[in-house]
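I have placed the structure first, in the form of structure tokens, so that the comments after it can refer back to it.
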Amino acid sequence: RSYMKATGPWQFMAGTAKIFGLRMNWWLDERKDIVAATYAAANYLSYLHDLFGSWPLALAAYNSGEHRVAYAITRQRTTDYWRLNLPTQTEWYVPKFMAALAIGRNPEAYGFERPVSNPLQFDIVEVSRPTELGALARAAGCTLSELKRLNPHFKKWATPPDMVVEVKVPNGHGDECRARLADMKESRLPSFIQHKVKRGETLSSIAAH
């Protein structure tokens, strides 16, 4: 989370994230979901490239906003990214991105060792009813910390009500998790209401009620 409140691996601002289909509420923030956020980022970058017709301009707009880049183009009368006067952070962002891309394609040429490929693997289970993360972890045969590591977008102790969400579970455990969830009785699912605290109420009195 940046000082500008951009969040997740692709550093989405809330407004842009919503436009590109990422859900954010009291229960979850899909900007932190590596799969959903990566698809959204790819769609956003594709949109920016179609808008500006240039990858340097698209990357600049991704970093500082499309309106700021469009205003700079209009005011400075050039579509050449390298001649545009943009915020310092953006001016560094684009060449850094290009450098990382070049190094990633041929690390040995730049004095880096090629990293051993060890991609994160997981199964995805659809959950359509509110379910405690602890129960999901038990159904998936993993620890709660492992489940949270795979699903950092869940902000609370359970999946949200009235929403279908995708839960990542350890690779090879998807079918087992689905079967156990299907057998889970409704009485074992969390049930709750929201209560606005009134003057004079305490947590202990609310708990007793």
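Per-residue counts of other Cβ atoms within 10 Å, averaged by peptide: what ranking do you get for 124-132, 7-15, highest first?
Highest to lowest by the protection proxy: 7-15, 124-132.
Please identify the trypsin sites (Lys or Arg not before Pro) of region 1-33 that satisfy two criteria: DSSP loop assignment and at most 14 other Cβ atoms within 10 Å. Which are they?
Answer in residue order: Arg1, Lys5.
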Within the accessible area of region 108-209, what % is carbon and sulfur when the probe is 1.4 Å and the other protein chains stay in place? 52 percent
In region 47-137, which trypsin sites (Lys or Arg not before Pro) are in a loop and have at most 11 other Cβ atoms within 10 Å, using DSSP for the loop call? Arg77
Heavy-atom accessible area per residue of the chain, all protein chains kept, 1.4 Å probe, expressed in Å², is 67 Å²
Of all chymotrypsin sites (Phe, Trp or Tyr not before Pro) in region 146-207, which ones are in loop regions per DSSP and have a Cβ with at most 16 other Cβ atoms within 10 Å? Trp157, Phe192
Filtered pair list for the chain (Lys only, Cα < 13 Å, 8 or more apart or interchain) has a length of 6
Within a Cβ distance under 10 Å of Leu22, other residues only, what is the Lys/Arg minus Asp/Glu net charge? +1
Total formal charge among the other residues, if their Cβ is under 12 angstrom from that of Lys155, Lys/Arg +1 and Asp/Glu -1: +2
Accessible-area composition of region 50-89, carbon plus sulfur, in percent [1.4 Å probe]: 47 percent
When the helix-only estimate is applied to the chain (DSSP H runs of n ≥ 4, each -39,500 (n - 2.57), divided by the residue count), what is the mean residue ellipticity at 222 nm, nearest 500 deg cm²/dmol? -13500 deg cm²/dmol
extent check for the chain: Cα max minus min per principal axis, descending, whole Å, gives 67, 51, 27
When every protein chain stays in place and a 1.4 Å probe is rolled, Met98, Met163 sorted by accessible area with the largest first are Met98, Met163
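Nearest 20 debye, what's the magnitude of the dipole of the chain about its Cα centre given +1 on Lys and Arg Cβ and -1 on Asp and Glu Cβ? Please report the intermediate quantities before stating the final value.
Working: 27 positive and 20 negative charges, 161 e Å.
Value, rounded to 20: 780 debye.
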Distance (nanometres) between label positions extended 7 Å along Cα→Cβ at Ala208 and Met4: 5.2 nm
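The values are calculated or read from the model by the stated rules, or taken from the named source; none is laboratory data. Every value quoted in this text rests on a predicted model; they were computed, and no experiment measured them. Because the Cβ atoms are built from the backbone with ideal geometry, glycine has one as well, and the counts that use them run over all protein chains shown. In case anyone asks, the SASA skips ligands and DNA or RNA and just uses the protein heavy atoms, side chains included. Shrake-Rupley method; radii C 1.70, N 1.55, O 1.52, S 1.80 Å.
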